[in-house]
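Q: First the structure, which I've put down as structure tokens, then a few questions once you've had a look.
The values are calculated or read from the model by the stated rules, or taken from the named source; none is laboratory data. The structure presented is a predicted model; accordingly, all values stated were derived computationally and were not measured. Heads up, the Cβs are rebuilt from the backbone with ideal geometry, glycines too, and the neighbour counts pull from every protein chain shown. For accessibility, only protein heavy atoms count, side chains too; no ligands or nucleic acids. Shrake-Rupley method; radii C 1.70, N 1.55, O 1.52, S 1.80 Å.
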Amino acid sequence: MQLELDDQIIELTGLSENEVKECFAVALYKLVKLNGVAAGRLLGKSEIEFHGLLGKYGCYVNYDVQD
């Protein structure tokens, strides 16, 4: 599946295309719909790189009992 964003949406946010993708991945992570591995993969990053990105968006690593 590919996600395509209209250029107007990119312009309205004032963010770069990459930043919009990061916001999308972080939002899904915060909603506990993706784990760090999957969210990183969505961005072409490792889990560690994705976790490093979370602070930029005021989010922290989700740990559960299994972790």
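Q: Hey, among the residues in region 34-67 that are of a type in the set (Lys, Arg) and at pLDDT 95 or above, which one's nearest to Gln2 (Cα to Cα)?
A: Ranking the qualifying residues of region 34-67, first place goes to Arg41.
Q: Sticking with this one: Give the residue that is nearest to Gln2 (Cα to Cα), with candidates limited to residues of region 12-33 that are basic (Lys, Arg) and surrounded by 15 or more Cβ atoms within 10 Å (Cβ to Cβ).
A: Here the answer is Lys21.
Q: Charged (D, E, K, R) and under 9 Å from the mean Cα position of the chain (by Cα), is that true of Glu4?
A: no
Q: May I ask you to say which residue of Glu49, Glu11, Glu4 is in contact with a helix residue (DSSP H, G or I) (Cβ under 7 Å, 6 or more places away or on another chain) and among the charged types (D, E, K, R)?
A: Just a single option satisfies the conditions, and that option is Glu49.
Q: Another question about this same structure. Are there any pairs with C-beta distances below 8 angstrom linking a residue in region 1-23 that is at pLDDT below 85 to a residue that is assigned to a helix (DSSP H, G or I), with the two at least 6 apart or on different chains, and if so which?
A: Leu3/Phe24; Leu5/Glu17; Leu5/Val20
Q: Among the residues of region 34-44, how many are farther than 13 Å from Asn18 by Cβ and open to solvent by 70 Å² or more (accessible area, probe 1.4 Å)?
A: Result for region 34-44: 2.
Q: Just to be sure I understand the filter: pairs with C-beta atoms under 7 Å, separated by 6 or more residues or on different chains, first member in region 45-67 and farther than 15 Å from Lys21 by Cα and open to solvent by 100 Å² or more (accessible area, probe 1.4 Å), second member at pLDDT 90 or above and not acidic (Asp, Glu). Which pairs pass?
A: Note: pairs meeting the criteria are Tyr60/Leu54.
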